[in-house]
Each structure stands twice: as structure tokens, then as C-alpha cells.
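Report on one structure; see the data block that follows.
The values are calculated or read from the model by the stated rules, or taken from the named source; none is laboratory data. The shown structure was predicted, so the numbers you read here are calculated from the model rather than taken from an experiment. When we count neighbours, we look across all protein chains shown, and the Cβ atoms used for this are built from the backbone with ideal geometry, even at glycine.
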Amino acid sequence: MKLAALCLLPALALCQTNLQFQNGAPGQTPTGWFVLDTVKDAGYTAGWLHEDCRTQAPCAVMTAPEHPPAQSFGTLMQSFSAAPYRGKKVRLRAWIKVEGKAAGDHAQMLLHVTRTGGAQGFVDQTAVCSHGHGFRARGSR
């Protein structure tokens, strides 16, 4: 599965870095983003591209291994303090394209808040995009 996500446009952009993937080097994880070691160990890779994107702007791509482990998935993440957003409306949006190999291949955006002490504060994981439809706009509510 190959996933290209472009133009993350949250309503507030105070702490995040490189949201539109404007900074990066070909084949490298985009600046300010990371992939968990367990995801890398499973064979998933993330990269920065300046071609095959929705527009002339760069994008990110998440690529699965040829034979991914069962129930595995790739992640491209960014973590930051939510303190500046306390009491404010936050929206996460992206253009996503899935080039899947199997009917169940899909991409899913996740916006997750962890409170001080590790308690779960908020989770939105409803923005799903399946393969075969080109770039689609997706976002949190």
C-alpha cells in the first residue's frame, strides 16, 4: 500500500512543524515527522516526495512492505504540546490517496489527545480513505 498525504491544514498551527511537507529530502521522512521503530521494523517506510503529489507542492508517502505482517499498519506521526489549544476548536484536514494492493487497503487519519498523566483525552479516527479513488479530502469533525 502506498499512501500520499498532502496539505494538512489544521485551524490552528502554533506548535506543529512542516504541516504542508514543504521541508524534506527525497526518500527521507519529512522534517518534523517520525515513524515508530516498531513500524519501521515491520518494513513500513515514510518518505518526502516532490512528484506524483496532488499539486505542485511536496507531499509525504507511507509505503508498506511487499508482504506486511498480519494486522500491521504504517504510521507517520507528529507529537506536540496541546496546551495552546485548550478550550479551542481544532480541525485536522488532509488530501489522501491510497494505492492499495488488496481490497481492504486503506488510510486513516487520527487526531489523539493524551492528558497529563497519560489519560486519554480525545480521539478522532474516522477519516478513512480506501484505495482506487485518487486524492480525497479528509478531516476531523
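A few notes on this one:
- Any pair with Cβ under 9 angstrom, 6 or more apart, that starts in the range 126-137 at a residue that is among the hydroxyl-bearing types (S, T, Y) and ends at one that is loosely packed, with under 13 Cβ neighbours inside 10 Å and modelled with pLDDT of 70 or more: S130/A103; S130/G104
- Residues located in the range 33-54, provided they are loosely packed, with under 15 Cβ neighbours inside 10 Å, assigned to a loop (DSSP other than H, G, I, E, B) and modelled with pLDDT of 90 or more: L36
- Within the range 80-111, the set of residues being surrounded by 11 or more Cβ atoms within 10 Å (Cβ to Cβ) and of a type in the set (G, A, S) comprises A82, A94, G100, A107.
- The set of residues in the range 29-63 being more than 17 Å from A94 (Cα to Cα) and small (G, A, S) consists of A42, G43.
- When the range 96-108 is filtered for residues that are within 10 Å of the chain's Cα centre (by Cα) and within 17 Å of G134 (Cβ to Cβ), the ones remaining, listed by number, are I96, A107.
- 3 or more residues in contact with a strand residue (DSSP E or B) (Cβ under 9 Å, 6 or more places away or on another chain) and within 22 Å of D41 (Cβ to Cβ): qualifying strands (runs of 3 or more DSSP E) within the range 55-123: 59-63, 106-114
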